[in-house]
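The values are calculated or read from the model by the stated rules, or taken from the named source; none is laboratory data. Here the structure is a predicted model, which is why all the values come from computation and not from measurement. Methodologically, a virtual Cβ is constructed for each residue, glycine included, from the backbone with ideal geometry; neighbour enumeration extends over all protein chains shown.
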């Protein structure tokens with residue numbers, strides 16, 4: 001569960017927290033009892049009620065209100081207070097961005113200085129093109145319209161200078177924008193050009209090239225391009241939105257920093273306890289782990305969200321695991337993000353044993369207070385109205401494994417494979433057996449031996 005954290009509570013945040021406490025006090029349950037019923041950590045619920053954090057999603061707040069017996073009028077008021085609290089927590093960030101924009105604009109000498117005081121492009125000067133004449137002020141037009149005229153004239157002068165500097169081809173014909181032509185024929189550009197490099201957005205197939213080690217495009221016919229996100233930092237967070245790949249009939253996003261039940265997770269860090277900061281909130285795990293050079297310890301939880309782009313069903317045919325590297329477990333210390341989680345809800349997931357020579361994604365059923373939650377059986381259908389979140393739990397005990405997922409799909413006679421990885425890099429999971437393990441003591445404000 002995501003939340004905004006900040007030091008101190010503002011007015012709207014305090015009002016929202018007070019309403020949560022009022023609902024909680026009308027029950028005879030403790031924070032721990034309510035948290036178990038809601039499937040969240042006790043400390044997380046306490047931060048919400050104390051005004052130290054605001055959930056980014058209203059769904060847990062709505063479940064909390066229903067559990068406390070809130071009336072419809074109280075639920076509407078709670079939703080209104082939640083919107084105001086989220087807006088208040090976001091306000092300092094927006095103000096900081098606006099201040100930075102004003103500082104840049106002031107350093108440039110006002111809105112017109114960046115355009116009117118800009119130097120003549122280097123290409124235009126070398127070609128001997130005269131600078132564009134100053135545009136006289138047009139009566140009745142605001143400054144931003146006059147700036148468009150100046151920018152247009154400057155761009156035209158620069159383009160004229162660069163075209164004048166281009167050498168003429170042997171046959172007396174000037175090269176086109178797409179490349180040199182011959183005999184007046186248009187040249188072939190894009191993926192159809194012979195010898196053109198493969199686009200990064202194409203989905204790699206099962207084979208790997210010796211030069212790069214990355215999977216190459218599958219030669220099978222009727223395969224649609226998948227999506228491989230651009231490279232990011234290690235242990236990157238979810239992209240923040242559905243991945244958009246041209247031609248795919250569905251959108252998807254991935255979160256590689258999910259914690260078990262929202263609170264339990266281990267990281268391996270090559271630093272002593274006195275040099276490791278306190279554990280972050282779950283939504284801040286990605287930057288915290290990247291700053292510490294942390295590696296997932298023991299297991300990696302990956303949340304894959306898939307939703308169709310229309311009402312036409314997309315069939316998810318199979319979910320496969322590919323291990324691209326094995327090494328000895330990482331040396332360092334294991335740091336537990338919590339002392340353990342308690343809850344009555346266990347989500348369904350795909351279990352992966354990375355220690356196997358050929359690991360597979362095995363569907364496992366979940367449980368909701370004793371009621372079984374059926375496992376996701378492939379093939380599985382999704383559409384715009386029926387999205388699905390696939391949870392993959394990959395465990396490693398004897399290796400430092402680098403791996404990624406492949407999702408096969410089909411829709412209306414089309415088939416394809418999407419590579420799911422960690423921002424362009426393989427996921428990474430290392431065993432923690434035999435490593436010193438620590439947990440954070442919130443009273444002593446320091447890391448201590450795990451008990």
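Each row is one residue, and each column tells you yes or no for (1) farther than 24 Å from residue 425 by Cα; (2) part of a strand (DSSP E or B).
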{"residue": "248", "(1), (2)": "no, no"}
{"residue": "252", "(1), (2)": "no, yes"}
{"residue": "278", "(1), (2)": "yes, no"}
{"residue": "284", "(1), (2)": "no, no"}
{"residue": "301", "(1), (2)": "no, yes"}
{"residue": "304", "(1), (2)": "no, yes"}
{"residue": "312", "(1), (2)": "yes, no"}
{"residue": "315", "(1), (2)": "yes, yes"}
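Taking the stretch 344-377 as the range and being assigned to a strand (DSSP E or B) and closer than 25 Å to residue 248 by Cβ as the test, the residues that pass are 349, 350, 352, 363.
One line per residue, one yes/no per condition, for (1) touching a helix residue (DSSP H, G or I) at 6+ places or on another chain (Cβ under 9 Å); (2) buried (at least 19 other Cβ atoms within 10 Å of the Cβ); (3) modelled with pLDDT under 90:
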| site | (1), (2), (3) |
| --- | --- |
| 228 | no, yes, yes |
| 231 | no, no, yes |
| 236 | yes, yes, yes |
| 244 | no, no, yes |
| 250 | no, yes, no |
| 267 | yes, yes, no |
| 271 | yes, no, no |
| 277 | yes, no, no |
| 295 | yes, yes, no |
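Remark: residue 45 falls outside the filter, which requires a residue to be surrounded by 14 or more Cβ atoms within 10 Å (Cβ to Cβ), touching a residue at least 12 places away in the same chain (Cβ under 8 Å) and more than 25 Å from the chain's Cα centre (by Cα). Just to be sure before I move on: is residue 338 outside any strand (DSSP E or B) and closer than 21 Å to residue 420 by Cα in the structure I sent? When the stated conditions are applied, residue 338 does not pass them. Selection of the stretch 25-47 for residues being closer than 17 Å to residue 442 by Cβ and part of a helix (DSSP H, G or I) yields 31, 32, 35, 42, 43, 44, 45, 46, 47.
State whether the residues of the stretch 8-17 include one that is modelled with pLDDT under 90, closer than 22 Å to residue 337 by Cα and outside the structural domain of residue 367 (by TED's automatic domain parsing). No, because not a single residue in the stretch 8-17 is modelled with pLDDT under 90, closer than 22 Å to residue 337 by Cα and outside the structural domain of residue 367 (by TED's automatic domain parsing).
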